[in-house]
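The values are calculated or read from the model by the stated rules, or taken from the named source; none is laboratory data. Keep in mind the model is a prediction, meaning the values are calculated, not measured. Glycine gets a Cβ as well: all are built from the backbone with ideal geometry, and neighbour counts include every protein chain shown.
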Amino acid sequence: MYAIVKTKREPSAEIATTNIPKIKRNQVLVKAKAASICGTDIHIWDWNEWAQERVKKIPLTLGHEFCGEVVDVGMDVASIEIGDFVSAETHIVDGICYQCQTDRMHICRNLQILGVDVDGVFAEYVVLPERNAWKNDPKLNIGIASIQEPLGNAVQSVLPRDNIEDIAGKSVAVLGCGPIGLMAIAVVKALSASKVIATAGGLNEVRMNLAKVMGADLVLSAKEDGKKIPQIILDETGGRGVDVALEMSGAPMALKQAFDILTPGGRVSLLGLFDNPVKMDINNALIFKATKVFGISGRRMFQTWSQVKGLLANSEFRDKIASIITHTLTMKDVEKGIDLIKSKRAAKIVLLPKW
């Protein structure tokens, strides 16, 4: 089969011919229908400092967001059948550690991630543990089916406690309009937030326009509005500040702004990853404000997936999520897709298994 493989510890990857993987007793074999490019894939492609430290397995098939049809199942598989249309929960867990046994599999102590620790999904065929194969509605669009994993990140950021009342009727700021930030805007609007304010890095017109499509009431540019953002948001909320801030960018300035614009007693969810350690005024940002802070790592298995399924049952929400897919390319054009994202001409890119 064909696959996009990182063969050297240097920038880029290549289309390689490799063997179709063999499944174990508790695994399924999936023929890919669509995959999508994530920022993590770009980091590994570029072989940045994070990738150099994080990725141990070379050669490595890239990719972790995808959907496909099950074509074979191991003899111990009970819940998945040949012909099922599935997407991948990308966190492969041991099932026996303290976290797994206390309903926190998404932060398993021995976690492995598709396309990072084990071979990923930019391939014709993909092996998944039975547990990691999420059965989709057969009618679900393959593009949307392939981006449910990052959509789950957005849902977990919005609802870390399953408490919809935490959002309904509340003011929310989404700092960072990458694909997951855009998805988060759509989620909070679907959950009846009263006002949604989004901030985008630089002058990314594609993502700023999509933020409006997702339902943001106000979209601010970090480049144009910069240091004025906290005051603008305070003015927009009558001086009160937002009830919920979702930091989705990994930018130190946005992190500071998340706490500056938060109303006392409000909640911050942190999903963005930072290149370096950051300094914070803990006294004023957290202690005196009685701030509730949630670190967001992946999706809960599988509560978040059920929430995603419920949201996608709404046609208006589905249409919004579909609009984040700005380009559909073939696997052989993966480098073109990466260039489109890096040059700020795209949001989410779906790859079809044509080689």
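Check region 57-70 and report whether any residue there is assigned to a strand (DSSP E or B), more than 17 Å from Pro129 (Cβ to Cβ) and of a type in the set (Gly, Ala, Ser).
No, region 57-70 contains no residue that is assigned to a strand (DSSP E or B), more than 17 Å from Pro129 (Cβ to Cβ) and of a type in the set (Gly, Ala, Ser).
What pairs come out if I take residues in region 155-173 that are assigned by TED's automatic domain parsing to the domain that holds Arg240 and pair them with residues that are surrounded by fewer than 21 Cβ atoms within 10 Å (Cβ to Cβ) and part of a strand (DSSP E or B) whose C-beta lies under 7 Å away, six or more apart or interchain?
These pairs meet every condition: Pro160/Phe294; Ser171/Lys195.
Looking only at region 115-150, count how many residues are aliphatic (A, V, I, L, M) and assigned to a loop (DSSP other than H, G, I, E, B).
Of the residues in region 115-150, the ones aliphatic (A, V, I, L, M) are 116, 118, 121, 123, 126-128, 133, 140, 142, 144-145, 147.
In the following step, the residues that additionally are assigned to a loop (DSSP other than H, G, I, E, B) were identified as 116, 121, 140, 147.
Result for region 115-150: 4.
So for region 206-218 (the condition being of a type in the set (A, V, I, L, M, F, W, C), assigned to a strand (DSSP E or B) and either within 23 Å of Ala251 (Cα to Cα) or out of contact with any Cys (no Cβ under 6 Å at 6 or more places or on another chain) (or both)), does at least one residue qualify?
The answer is yes, given that some residue of region 206-218 is of a type in the set (A, V, I, L, M, F, W, C), assigned to a strand (DSSP E or B) and either within 23 Å of Ala251 (Cα to Cα) or out of contact with any Cys (no Cβ under 6 Å at 6 or more places or on another chain) (or both).
For Gln231, which of the numbered conditions (1) in contact (Cβ under 8 Å) with a residue 40 or more places away in the chain; (2) farther than 22 Å from Gly39 by Cα fails to hold?
Result: Gln231 passes all but (1).
Is one or more of the residues making up region 288-300 among the aliphatic types (A, V, I, L, M), at negative phi and surrounded by 20 or more Cβ atoms within 10 Å (Cβ to Cβ)?
yes
Among the residues of region 174-199, which ones are assigned to a strand (DSSP E or B) and either under 21 Å from Val350 (Cβ atoms) or free of Cβ contacts under 8 Å to residues at least 40 places away in the same chain (or both)?
Val196, Ala198
Conditions (1) modelled with pLDDT of 95 or more; (2) assigned by TED's automatic domain parsing to the domain that holds Asn48; (3) over 22 Å from Leu175 (Cβ atoms), marked per residue:
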| residue | (1), (2), (3) |
| --- | --- |
| Phe274 | no, no, no |
| Arg300 | yes, no, yes |
| Lys309 | yes, no, yes |
| Lys336 | yes, yes, yes |
| Asp339 | yes, yes, yes |
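Looking only at residues that are without any contact (Cβ under 8 Å) to a residue 60 or more places away in the chain, among the aliphatic types (A, V, I, L, M) and over 17 Å from Val187 (Cα atoms) in region 200-228, which one is surrounded by the most Cβ atoms within 10 Å (Cβ to Cβ)?
Top of the filtered list is Ala200.
Select from region 14-44 the residues that are part of a helix (DSSP H, G or I) and in contact with a helix residue (DSSP H, G or I) (Cβ under 6 Å, 6 or more places away or on another chain) and write down the one among them that is surrounded by the most Cβ atoms within 10 Å (Cβ to Cβ).
Ile44
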